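*Asks:* I am attaching a structure below and will ask some questions about it afterwards.
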Amino acid sequence: MEKLQNYINGELVPPHSNEYFENIEPAIGKPYSLIPDSDESDVLEATKAAKAAFPIWSKMSVDQRSEILLRIAELIGENLDELAAAESRDNGKPLKLAKTVDIPRAQANFHFYGTGILHFASESHSMGNLAINYTLRQPIGVAGCISPWNLPLYLFSWKIAPALASGNTVVAKPSEITPYTSYLLSKICIEAGLPKGVLNIVHGLGPKAGAAIIEHPDIPMISFTGGTATGEWIARTAAPKFKKLSLELGGKNPNLIFADCDFDEMMKTTLRSSFSNQGQICLCGSRIMIERSIYDRFKTEFVERVKALKVGDPSNPDTNLGAVVSKPHMEKVLSYVELAKEEGGTVLCGGNRAIIGGKFSDGYFLEPTVIEGLSYDCRTNQEEIFGPVVTIMPFDTEEEALAIANSTKYGLASTIWTSDLKRAHRVARDLHTGIAWINCWLLRDLRTPFGGVKESGVGREGGFEAFQFFTEPKNVCIRY
Ligand code: NAD
């Protein structure tokens, strides 16, 4: 079986331990490659390389850094087919999705930050005849970047690109569940001529290789995307070391549907916001609230359309849902369906493992699932499931919808469907989420601040926010 390698100091290398673990293909349920089981010693070596590369990389002109990042973007585009096929195989997602969303977005991330850095500027504050202050925005050193499995290269590059563009060097760890495209990225970085040590990719388990990154004294900033429980541990571990932290964590996103919305547009988009990537997007709307006067109409049409979604072979262009990412994850999602039933919910459609047959007999496929009849405060409606499962609930007033929407510990994203302009603004203002989409979903402008409130995270990524995170401001005051 193919052995993936770490990318340290410009070279592809095996882990020090020479130990590997299996990389499972979710649609087949069998291993197809081996992942380095890296430990602290690999992270030490990667950090040493990143530290050594920092003085040169950080002092390079922004044009030079930009040029290399744009070359990486270009190579991602040239290798779109290979990268998309690898992402689909590694994650279980439909190939079409990988080809139209994941990989183009990874390319866009390098392009966006590679050009964005050319426009990033700092402030000055005049004190009249007395003095002038200016703010230096300096790269900090070695950035630790850790990403999850749901949008593997998309989220990995979302961190790495701004960290590198700002002049930092990086030690990064992709999810051990979906490491393949970051391995391909290391080959692309070599081809693009990224100087050695500037980016180092260490594969391995979270509590081992990941924890070593968090704990390393020479990594002063951490950008992490993943689960809230992991984020909590990272915050606890990094705080006494005074590390800079950006945490993008879980969600339980509300979808508020008012009777005056454009019903057809809402229906089409709600199918996507519920089940894209098998519901494994942190921004998916998992709690759907519908104004009572259109509840029955919504329910009938939604369930009918969900039943028509095709689950199966990720490489088939007609497939809507591929496999979920792993067996434990599939079991977790199914356990929430059982919990929902115990809590009094009615499964309107789905609720089971989907049996595909043939070479996919052991694959981790789930039927898209719609549940009704649950109270807003039960566990099913409060905890993140992160799979193709949504609940639907009627509401009577705007106040009630807002109260239900804001009732969870999470606050990542929300979606509002209404034709009433005043209500749209009012509800967006009053929702406790970092992002509010009105009459759309996952419409992303990379310049906008991205992140959550409450237990969905700390800090913002995206646009200049990311450059601000990855640089340290220094005020310089000169007396005339
Ligand atoms: P996870 O927290 O289990 O793992 C995320 C990453 O952290 C992996 O690379 C993992 O190896 C690493 N990790 C695990 N334990 C670690 C430790 N002790 N120290 C350092 N690193 C460690 O999350 P996951 O299951 O991969 O991803 C799913 C979660 O990610 C969901 O909760 C989802 O909502 C969230 N997510 C959030 C966003 C966002 O932007 N807010 C985006 C995507 C996913």
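*Asks:* What residue, of GLU11, GLU40, GLU22, is touching a helix residue (DSSP H, G or I) at 6+ places or on another chain (Cβ under 9 Å), exposed (fewer than 15 other Cβ atoms within 10 Å of the Cβ) and not hydroxyl-bearing (Ser, Thr, Tyr)?
*Replies:* GLU11
*Asks:* For the stretch 1-98, which helices (runs of 4 or more DSSP H) that fit wholly inside it have 3 or more residues that are within 30 Å of GLY358 (Cα to Cα)?
*Replies:* On the way: elements: 40-59, 62-78, 80-91.
Output list reads 80-91.
*Asks:* Name the single residue, out of those in the stretch 373-392 being touching a Leu at 6+ places or on another chain (Cβ under 7 Å) and either more than 16 Å from the ligand (Cβ to nearest atom) or open to solvent by less than 30 Å² (accessible area, probe 1.4 Å) (or both), that is nearest to ILE294 (Cα to Cα). It would help to see each step written out before you state the result.
*Replies:* Initially, the stretch 373-392 is screened for residues touching a Leu at 6+ places or on another chain (Cβ under 7 Å), giving 379-381, 387-388, 391.
Checking which are either more than 16 Å from the ligand (Cβ to nearest atom) or open to solvent by less than 30 Å² (accessible area, probe 1.4 Å) (or both) leaves us with 380-381, 387-388, 391.
Details: THR380: 23, ASN381: 21, GLY387: 26, PRO388: 23, THR391: 16 Å.
Among those residues, the one meeting the criterion is THR391.
*Asks:* Any residue that is open to solvent by 30 Å² or more (accessible area, probe 1.4 Å), within 15 Å of the ligand (Cβ to nearest atom) and over 23 Å from the mean Cα position of the chain (by Cα) - is there at least one of those in the stretch 240-261?
*Replies:* So the first thing to find is which residues in the stretch 240-261 are open to solvent by 30 Å² or more (accessible area, probe 1.4 Å), and the list is 240-242, 244-245, 259-260.
With within 15 Å of the ligand (Cβ to nearest atom) added as a condition, the list becomes 241, 245.
Narrowing further to those that are over 23 Å from the mean Cα position of the chain (by Cα): 241.
The answer is yes, given that some residue of the stretch 240-261 is open to solvent by 30 Å² or more (accessible area, probe 1.4 Å), within 15 Å of the ligand (Cβ to nearest atom) and over 23 Å from the mean Cα position of the chain (by Cα).
*Asks:* Quick one: how many residues across the stretch 275-328 are within 16 Å of the ligand (Cβ to nearest atom) and of a type in the set (Val, Ile, Thr)? Let's see the steps before the verdict.
*Replies:* Taking the stretch 275-328 as the starting set, the residues that turn out to be within 16 Å of the ligand (Cβ to nearest atom) are 275-287, 323-328.
Checking which are of a type in the set (Val, Ile, Thr) leaves us with 281, 324-325.
Residues flagged as within 16 Å of the ligand (Cβ to nearest atom) and of a type in the set (Val, Ile, Thr) within the stretch 275-328 amount to 3.
*Asks:* Would you mind stating whether GLY167 is touching a Phe, Trp or Tyr at 6+ places or on another chain (Cβ under 7 Å), farther than 28 Å from ILE103 by Cβ and away from the ligand (no atom under 15 Å from the Cβ)? Steps first, please.
*Replies:* Working: touching a Phe, Trp or Tyr at 6+ places or on another chain (Cβ under 7 Å): yes; farther than 28 Å from ILE103 by Cβ: no; away from the ligand (no atom under 15 Å from the Cβ): yes.
Taking the combined requirement at face value, the residue does not satisfy it.
*Asks:* Next question. Would you mind telling me which numbered condition in (1) over 17 Å from ASN6 (Cβ atoms); (2) out of contact with any Leu (no Cβ under 6 Å at 6 or more places or on another chain); (3) in a helix (DSSP H, G or I) LYS187 fails?
*Replies:* LYS187 satisfies all of (1) over 17 Å from ASN6 (Cβ atoms); (2) out of contact with any Leu (no Cβ under 6 Å at 6 or more places or on another chain); (3) in a helix (DSSP H, G or I) except (1).
*Asks:* So ILE355 passes all but one of these: (1) hydrophobic (A, V, I, L, M, F, W, C); (2) open to solvent by 30 Å² or more (accessible area, probe 1.4 Å); (3) within 16 Å of the ligand (Cβ to nearest atom). Which condition number does it fail?
*Replies:* Checking ILE355 against (1) hydrophobic (A, V, I, L, M, F, W, C); (2) open to solvent by 30 Å² or more (accessible area, probe 1.4 Å); (3) within 16 Å of the ligand (Cβ to nearest atom), the one that fails is (3).
*Asks:* Within the stretch 207-231, count every residue that is under 16 Å from TRP149 (Cα atoms) and more than 8 Å from the ligand (Cβ to nearest atom).
*Replies:* Within the stretch 207-231, residues that are under 16 Å from TRP149 (Cα atoms) and more than 8 Å from the ligand (Cβ to nearest atom) number 1.
*Asks:* May I pose another question? Looking at ARG272, ARG236 in this structure, which one is within 12 Å of the ligand (Cβ to nearest atom) and open to solvent by 10 Å² or more (accessible area, probe 1.4 Å)? Before the answer, list the steps.
*Replies:* Numbers: ARG272 fails: within 12 Å of the ligand (Cβ to nearest atom).
Answer to the selection: ARG236.
*Asks:* Search the stretch 75-121 for residues being in contact with a helix residue (DSSP H, G or I) (Cβ under 8 Å, 6 or more places away or on another chain) and either among the basic types (Lys, Arg) or free of Cβ contacts under 8 Å to residues at least 12 places away in the same chain (or both), and hand back the single one that is most open to solvent (accessible area, probe 1.4 Å).
*Replies:* The first filter runs over the stretch 75-121 and keeps only residues in contact with a helix residue (DSSP H, G or I) (Cβ under 8 Å, 6 or more places away or on another chain), leaving 75-77, 79-95, 97-99, 101-118, 120.
Filter again for either among the basic types (Lys, Arg) or free of Cβ contacts under 8 Å to residues at least 12 places away in the same chain (or both), leaving 89, 93, 99, 105.
Numbers: ARG89: 108, LYS93: 0, LYS99: 84, ARG105: 27 Å².
It comes out as ARG89.
*Asks:* Which condition breaks for TYR180 when tested against (1) more than 27 Å from SER58 (Cβ to Cβ); (2) open to solvent by 10 Å² or more (accessible area, probe 1.4 Å); (3) within 13 Å of the ligand (Cβ to nearest atom)?
*Replies:* Among (1) more than 27 Å from SER58 (Cβ to Cβ); (2) open to solvent by 10 Å² or more (accessible area, probe 1.4 Å); (3) within 13 Å of the ligand (Cβ to nearest atom), the lone unmet condition for TYR180 is (3).
*Asks:* Could you check the stretch 442-480 and list, in sequence order, the residues that are surrounded by 19 or more Cβ atoms within 10 Å (Cβ to Cβ), assigned to a strand (DSSP E or B) and more than 16 Å from the ligand (Cβ to nearest atom)?
*Replies:* Listed by number, the list holds a single entry, THR471.
*Asks:* Collect the residues in the stretch 178-225 that are touching a strand residue (DSSP E or B) at 6+ places or on another chain (Cβ under 9 Å) and on the phi > 0 side of the Ramachandran plot, keeping them in residue-number order.
*Replies:* GLY197, GLY204 - these are the residues of the stretch 178-225 that are touching a strand residue (DSSP E or B) at 6+ places or on another chain (Cβ under 9 Å) and on the phi > 0 side of the Ramachandran plot.
*Asks:* Then there's this: Could you grab the pairs with beta carbons closer than 7 Å, sequence gap of 6+ or different chains, first residue in the stretch 439-458 and within 20 Å of TYR154 (Cα to Cα) and in contact (Cβ under 8 Å) with a residue 60 or more places away in the chain, second one among the aromatic types (Phe, Trp, Tyr) and more than 10 Å from the ligand (Cβ to nearest atom)?
*Replies:* LEU446/PHE112
*Asks:* Oh, and also: Can you tell me which residues in the stretch 430-441 are assigned to a strand (DSSP E or B) and within 11 Å of the ligand (Cβ to nearest atom)? Working first, answer last.
*Replies:* Step one: list which residues in the stretch 430-441 are assigned to a strand (DSSP E or B), which gives 435-438.
Hit for the stretch 430-441 is ILE435, nothing else.
*Asks:* Please specify each residue of the stretch 138-164 satisfying the condition of being surrounded by 24 or more Cβ atoms within 10 Å (Cβ to Cβ), closer than 17 Å to TRP57 by Cα and more than 12 Å from the ligand (Cβ to nearest atom).
*Replies:* VAL142, ALA143, ILE160, ALA161, PRO162, ALA163, LEU164, listed by residue number.
The values are calculated or read from the model by the stated rules, or taken from the named source; none is laboratory data. As the structure is a computational prediction, the values presented were derived from the model and not from experiment. As a convention, Cβ positions derive from the backbone with ideal geometry for all residues, glycine included, and neighbour counts pool all protein chains shown. Heads up: the accessible areas ignore ligands, DNA and RNA and are worked out on the full protein's heavy atoms, side chains in. Shrake-Rupley method; radii C 1.70, N 1.55, O 1.52, S 1.80 Å.
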